[in-house]
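Contents: one structure, followed by commentary.
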Amino acid sequence: MKITNVFFAALVVISAACSSSEKETPNGFKYTVLAKGDGNLAKPGQLLMVDFVFKDSKDSVWNDTYKAGMPAPVMINDSASAATEFGVMQMFRMLSPGDSVTCSMPIQKFFNEMAGGPVPPGIDTTLTMTYIFKVREITEVADFQANQMKLAEERSAKQLQSDIEAIDVHLAAKGITAEKMESGIRYVITQAGKGPNAESGQATTVNYTGYTLDGLYFDSSIKKLAEEKGIYNPQREPYAPFDVTIDQTGVIKGWHEALKVMNKGSKATFYIPSPLAYGPRKVSNEINENQILVFDIEMVDIK
């Protein structure tokens, strides 16, 4: 991905307008000030909230917090550790809210000091890496953690609504009439069972098959079906029904909700929004970030 020429042109203007100057940390790390902040430095134990663009000398962007929508936290450690810190960390001690700076280093130095290892195979070792940092604010750890939780909840709520809309559009396109849970799960009972539905704390045994909304299969407890769908894995043997204690076993949240609307012998298909599955995590080649999941589940037994 190439960063826009407009963005870098703006940085040049900022640099000229603010009389860019080169600074140096106690251990000799050099950086250039593009814009000056308020001059208030973070104290040990506080966090600098920093936005940055990280790119190489071929203009390929490796990371961009502006695109991610969240600045990176940088802990200011006890002053006793300052003398042995890498140059970038010493630099952060010298920055204040509003400061905008840039620094560059050979890729070998980046991986050795900041990534903690050698340059991985296949990466051009002649590259120069450049950071453009802007300090948003100084915050306390407790405030940061509370804010992170709030942001995560807001993102999850927004993603949930988006997923529900996508599921409903999919069902309408397929002509499928589904029951709706308040949580956002949609489901279709494909075979009626007998007796009461399973409840929280009960041990259940289920067969299941999982796939994405576009029909990409990723797992099944049924060997024959796994073979048919091309997902058979000999390391998974023996294929067998799976035991789940509702609200206790470590499975996705959507499963615990799903099993509560099933009784013994019933079968159902569940359309589970990503916040009730794996959320923003990529867990496999088939299950990407914010992936809606579909499960065909058979309630084999309730104990």
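Under 19 Å of direct C-alpha separation, and excluding same-chain neighbours fewer than eight residues apart, residue 264 reaches these lysines: 194, 303.
Can you give the FRET efficiency to the nearest 0.05 for residue 228 and residue 72, using r as the Cβ-Cβ distance and R₀ = 41 Å? The value I calculate is 0.35. When a/c reaches 1.5 or more, the comparison of a/b and b/c decides; with that in mind, is the stretch 116-187 rounded, prolate or oblate per its Cα gyration tensor? The shape class here is oblate.
Charged neighbours of residue 46, selected by a Cβ distance under 14 Å, balance to -1 (K, R count +1; D, E count -1).
State the percent of C-alpha pairs, over all pairs in the stretch 5-144, separated by a distance greater than 18 angstrom. Result for the distance tail: 58 percent. Remark: spin-label model distance residue 43-residue 189 equals 6.2 nm, labels positioned 7 Å along the Cα→Cβ axis. Building the convex hull from the alpha-carbon atoms of the stretch 177-302 and averaging its projection over directions returns 7.7 nm².
Converting phi to 3J(HN,Hα) with the Karplus coefficients 6.51, -1.76 and 1.60 and the offset θ = phi - 60°, the stretch 259-268 yields 5, 6, 9, 10, 10, 4, x, 7, 10, 7 Hz in sequence order, with x at every glycine or proline. A protection proxy built from the mean count of other Cβ atoms within 10 Å ranks the segments 156-163, 226-233, most packed first, as 156-163, 226-233. Site pair residue 253 and residue 23 shows an inter-label distance of 4.2 nm when each label is modelled 7 Å from Cα along Cα→Cβ. Rounded to the nearest 10 degrees, the inclination of helix 141-174 to the longest alpha-carbon principal axis of the chain is 40 degrees.
Taking other residues whose beta carbon is less than 12 angstrom from the beta carbon of residue 123, and scoring Lys, Arg as +1 and Asp, Glu as -1, yields -1.
For residue 161 and residue 212, the difference between the fully extended length at 0.36 nm per residue and the C-alpha to C-alpha distance is 16.6 nm. Here r is the Cβ-Cβ distance between residue 240 and residue 283 and R0 is 25 Å; the resulting FRET efficiency, rounded to 0.05, is 0.70.
Highest mean packing first, where packing is the average number of other Cβ atoms within 10 Å per residue, the peptides 189-197, 165-173, 70-78, 46-54 line up as 46-54, 70-78, 165-173, 189-197.
Only the coordinates and a few stated rules stand behind these numbers; no lab work does. Note that the structure is predicted; figures quoted are calculated from it, not measured. Backbone-built Cβ (ideal geometry, glycine too); neighbour counts: all protein chains shown.
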